[in-house]
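The values are calculated or read from the model by the stated rules, or taken from the named source; none is laboratory data. If you're wondering where the values come from, they're calculated on a predicted model, not measured in any experiment. Note: ideal-geometry Cβ built from the backbone for every residue, glycine included; neighbour counts use all protein chains shown.
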Amino acid sequence: MPFIAVWDDHEFADDTWRDGSAEHRASEFGPFTLRKVAAMTAYHEWMPIRAPDPATPEKIYRSFDFGGVVSLHMLDTRLIGRDQQLMMSSYYDEHQRFDVEKYKRDVCSPRRQMMGAEQMAWLERQVKDSQARWQMLGQQVLMARMEYPTAVAMGECNCTEYSALKKRAAADPSCVSGREKHWLSAPTLPCYMDSWDGYQHDRELVFAMMRRHRKNMVVLAGDTHNAWASDLHDAQGRQVGVEFATASVSSPGMEGAYPDRDPEDVASMMVDLIEPLYYAQTSKRGYMTVTASHEQVRCDWRFVDTVFKHEFTAATERSLRTLPGPGNRKIEECSGA
């Protein structure tokens, strides 16, 4: 079967960025540059990948055209251009007050790059010149906005409590306290700094690129071990495309964080808390199949009933699609699914 490979962080170390990682300690592991070179060497020796420039092994972004239907742009959002991730903990002062405004400025700063200027310029050329119906980005981390309510992000309440509060407020607004009203009216905050939420200027550049060239965009993602489908909106709230994210094949997802809750309730809670999120599956292992035609791009999420036995069954749990053209480019249910 054809196989198009791309690396993420664990080919190097957890939460890798251009010059380091969250877990790399030079005192224990030596210089990160040596670790990076060794990992890249092993990757190119053992993985089925044709590097666009063998003399530059860290440069693996490249495009594939499938007739006039899909241009698949395989990006590197991990190594070649990524700046170090922000840490929310660094925005607390000595009195444990969180500097929200500075945090928001930093996550949107044009100085923070996910892809690097050279790769961004390359993607612009590829998208502009492509005649395919769909521009598909094969890349590592979630591009959709996965922002949490401020009260959850600040630890004032947890996801379960906030979700219950929303339902209670909808059923009987009079039972909501003043503090809870403040929670409900507060804005959301990005919390997962390893994703595109931590590099919002670069994300806006990609969105603007697709709008400028009037392209139909579908983003593919992995990394989180959970399955997601989200609508993609720019900072002005304009629809620009969709994202389909795959679950892991065997690694655990969010079920470990909520051991006493029904996994279906956890997934529903995530959809309820995160506005652009359309679908979530946070406890099952599997993969997704993406089928593109001139008329639509369809994603089918398939999961197995167990990863602990050689005998298992696999089934499609959810099927969603997006249609081309202005006014579409959003997630919808598959007809007859």
- Which condition number in (1) free of Cβ contacts under 8 Å to residues at least 24 places away in the same chain; (2) in contact with a helix residue (DSSP H, G or I) (Cβ under 8 Å, 6 or more places away or on another chain); (3) under 16 Å from Gln139 (Cβ atoms) is the one that His10 fails? (2)
- If you scan the range 116-150, which residues turn out to be aliphatic (A, V, I, L, M) and crowded, with 16+ Cβ neighbours inside 10 Å? Met120, Leu123, Val127, Ala132, Met136, Leu137, Val141, Leu142, Met143, Ala144, Met146
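I'm trying to understand the selection: among the residues of the range 205-259, which are farther than 26 Å from Glu317 by Cβ and part of a loop (DSSP other than H, G, I, E, B)? Give the derivation first.
Initially, the range 205-259 is screened for residues farther than 26 Å from Glu317 by Cβ, giving 205-215, 234-238, 240.
Selection gives His213, Arg214, Lys215, Asp234, Ala235, Gln236, Gly237, Arg238.
Looking at the range 228-247, which of its residues are in contact (Cβ under 8 Å) with a residue 12 or more places away in the chain and of a type outside the set (Gly, Ala, Ser)? Give the derivation first.
Within the range 228-247, the first condition is being in contact (Cβ under 8 Å) with a residue 12 or more places away in the chain, and the residues that meet it are 228-235, 238-247.
Once the filter is applied, which keeps residues that are in contact (Cβ under 8 Å) with a residue 12 or more places away in the chain and of a type outside the set (Gly, Ala, Ser), the range 228-247 yields Trp228, Asp231, Leu232, His233, Asp234, Arg238, Gln239, Val240, Val242, Glu243, Phe244, Thr246.
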- Of (1) crowded, with 17+ Cβ neighbours inside 10 Å; (2) in the same structural domain as Ser89 (by TED's automatic domain parsing), Ala153 satisfies all except one. Which? (2)
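If a residue must be acidic (Asp, Glu), in a helix (DSSP H, G or I) and closer than 18 Å to Met254 by Cβ, how many such residues does the range 151-194 contain? Reasoning before the result, please.
The initial filter retains those residues of the range 151-194 that are acidic (Asp, Glu), namely 156, 161, 172, 180, 194.
Subset that is in a helix (DSSP H, G or I): 161, 180.
If we keep only those that are closer than 18 Å to Met254 by Cβ as well, we get 161.
The number of residues fulfilling the criteria is 1.
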- Can you spot a residue in the range 243-265 that is surrounded by fewer than 21 Cβ atoms within 10 Å (Cβ to Cβ) and over 30 Å from Lys309 (Cα atoms)? no
- Where a residue in the range 295-321 is in the same structural domain as Val219 (by TED's automatic domain parsing) and surrounded by fewer than 16 Cβ atoms within 10 Å (Cβ to Cβ) and its partner, wherever it lies, is in a loop (DSSP other than H, G, I, E, B) and among the aromatic types (Phe, Trp, Tyr), with Cβ under 9 Å and at least six apart: Asp305/Phe312; Thr306/Phe312
- Do we find that Arg329 is assigned by TED's automatic domain parsing to the domain that holds Ala132, under 22 Å from the mean Cα position of the chain (by Cα) and at positive phi in this structure? yes
- Report, by residue number, each residue of the range 277-332 that is more than 21 Å from Val266 (Cβ to Cβ), acidic (Asp, Glu) and in a strand (DSSP E or B). Asp300, Glu332
- Message: Tell me yes or no: at least one residue of the range 100-109 is within 21 Å of Arg212 (Cα to Cα) and in contact (Cβ under 8 Å) with a residue 60 or more places away in the chain.
- Response: yes
- In the range 268-292, which residues are under 21 Å from Arg321 (Cβ atoms) and without any contact (Cβ under 8 Å) to a residue 60 or more places away in the chain? Val271, Tyr278, Tyr279, Ala280, Gln281, Lys284, Gly286, Tyr287, Thr289, Thr291
- Output for the range 123-150, where each listed residue is without any contact (Cβ under 8 Å) to a residue 60 or more places away in the chain and either assigned to a strand (DSSP E or B) or in contact with a Pro (Cβ under 9 Å, 6 or more places away or on another chain) (or both): Thr150
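Filter the range 302-335 for residues that are over 16 Å from Ser250 (Cα atoms) and among the hydroxyl-bearing types (Ser, Thr, Tyr) and give the result. Reasoning before the result, please.
Filtering the range 302-335 down to residues over 16 Å from Ser250 (Cα atoms) leaves 316-335.
Result: Thr316, Ser319, Thr322, Ser335.
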